[in-house]
Amino acid sequence: MGKLKPQPTVSEETAAEISAIFSSDRPWIVVVWDDPINLMTYVTYVFMTVFGFSKEKATELMLQVHNEGKSIVAKGAREEMERYVQRLHEYGLWATLAREDQI
Amino acid sequence: MTPTEGFLRHGNDTYIANFAETEREVLVNLVQQIIEILAERHDHANEDPLAAMVGITTHDSPPDDEVLLRLLPNAYQDGVDAAEFRRYTESTLRDKKRAHAMSIRMLLLSATDGDVVLDFENAQAWLGGLNDVRLALGVRLNVDQNSHEDLELLAPDDPMRAVYAVYTWLGWLQETLVEALMDEASS
């Protein structure tokens, strides 16, 4: 069987990813780290409040933090990510930010 | 209302819990300690009034004290970026945490018959403030290294046993408030 001709599909998302590769302004990410003190329900609630996530999405991310030790909860421009980290610190979550490729 | 219920939602925007006198005393004392430990990081007013006015702190190194470091954590793993971020944001974070602790203290001291009544905004302050107390106690109890089983088995005369009892009580109290708030968020 002959090889199929590759068919690049360029959705809006892909286009954004491509332009991000060439942009000097690679996205920043917010990482939330597991800690044994914060309650699971509390972390879920904070994700819902700070990011406006649904309960399902917030729970999924909370479980990722709990089971895998960390989770990337947001991605975007540095200033916006810094504001998120600040708010997460107000709630006492252990959050840091980094370049997407530095984690 | 019995003192064992924790926070319950009443209507759209009201959360009520009843506190026994000893519970009030314990919690007032704890938030007072949070206020005091945060004050240790306060800038010296005479250092640079202009910087203070726009919220720039003179601190850019992380706190030495473990509890303070957990309350005011580094935002970057990289030390240089962390110091820069801290310089511009730590005083705001400290003020927020202080305000949360003050809200808890004020409402506990003014509670009639032990009833604490929170609106949504106060509930957020309480969540953050209760969490700060739990973080402080958790660091002192070494919750990282000690499992809950270890802590349950502390000797009756170990002063940490009482601390652990307060820590678990606060966790339970915070959970009832989160659940009351979640009811609303999902409805």
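Restricting the range B:79-104 to residues that are hydrophobic (A, V, I, L, M, F, W, C) and in contact with a helix residue (DSSP H, G or I) (Cβ under 9 Å, 6 or more places away or on another chain), which is surrounded by the fewest Cβ atoms within 10 Å (Cβ to Cβ)? Among those residues, the one meeting the criterion is B:ALA99. Taken together, the residues in the range A:26-45 that are more than 7 Å from chain B (Cβ to nearest Cβ) and part of a helix (DSSP H, G or I) amount to 3. Quick check on B:VAL139: is it outside any helix (DSSP H, G or I), in contact (Cβ under 8 Å) with a residue 24 or more places away in the chain and at negative phi? It is false that B:VAL139 is outside any helix (DSSP H, G or I), in contact (Cβ under 8 Å) with a residue 24 or more places away in the chain and at negative phi. The residue list B:LEU141, B:LEU118, B:LEU135 contains one member that is at pLDDT 95 or above, within 10 Å of chain A (Cβ to nearest Cβ) and crowded, with 16+ Cβ neighbours inside 10 Å, which is B:LEU135. Any residue in the range A:56-65 that is closer than 21 Å to B:ALA180 by Cβ, outside any helix (DSSP H, G or I) and of a type in the set (S, T, N, Q)? Checked against the condition, which is being closer than 21 Å to B:ALA180 by Cβ, outside any helix (DSSP H, G or I) and of a type in the set (S, T, N, Q), the range A:56-65 yields no hits at all. Among the residues of the range A:1-55, the ones that are surrounded by 10 or more Cβ atoms within 10 Å (Cβ to Cβ), modelled with pLDDT of 75 or more and of a type outside the set (Ser, Thr, Tyr) come to 23 in all.
Okay, residues lined up against (1) more than 21 Å from the chain's Cα centre (by Cα); (2) under 21 Å from B:HIS10 (Cα atoms); (3) not in a loop (DSSP other than H, G, I, E, B):
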residue	(1), (2), (3)
B:ASP144	no, no, no
B:GLU149	yes, no, yes
B:PRO156	yes, no, no
B:MET160	no, no, yes
B:GLU179	no, yes, yes
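Residue pairs whose Cβ atoms lie under 7 Å apart, separated by 6 or more positions or on different chains, with the first residue in the range A:46-65 and within 11 Å of another protein chain (Cβ to nearest Cβ) and free of Cβ contacts under 8 Å to residues at least 40 places away in the same chain and the second part of a helix (DSSP H, G or I) and surrounded by fewer than 17 Cβ atoms within 10 Å (Cβ to Cβ), are A:MET48/A:LYS55; A:MET48/B:ALA185; A:LYS55/B:SER186. Checking each residue in the range B:38-60 for being modelled with pLDDT of 85 or more and buried (at least 18 other Cβ atoms within 10 Å of the Cβ) picks out only B:LEU38. Looking at B:SER147, B:SER91, B:SER103, just one residue is under 21 Å from B:GLY6 (Cβ atoms) and within 14 Å of chain A (Cβ to nearest Cβ), and that residue is B:SER103.
For B:GLY128, the test of being surrounded by 15 or more Cβ atoms within 10 Å (Cβ to Cβ), closer than 19 Å to B:TRP172 by Cα, within 14 Å of chain A (Cβ to nearest Cβ) and in contact with a helix residue (DSSP H, G or I) (Cβ under 8 Å, 6 or more places away or on another chain) is passed.
The values are calculated or read from the model by the stated rules, or taken from the named source; none is laboratory data. Fair warning: this is a prediction, and the values are worked out from it, not measured in the lab. Methodologically, a virtual Cβ is constructed for each residue, glycine included, from the backbone with ideal geometry; neighbour enumeration extends over all protein chains shown.
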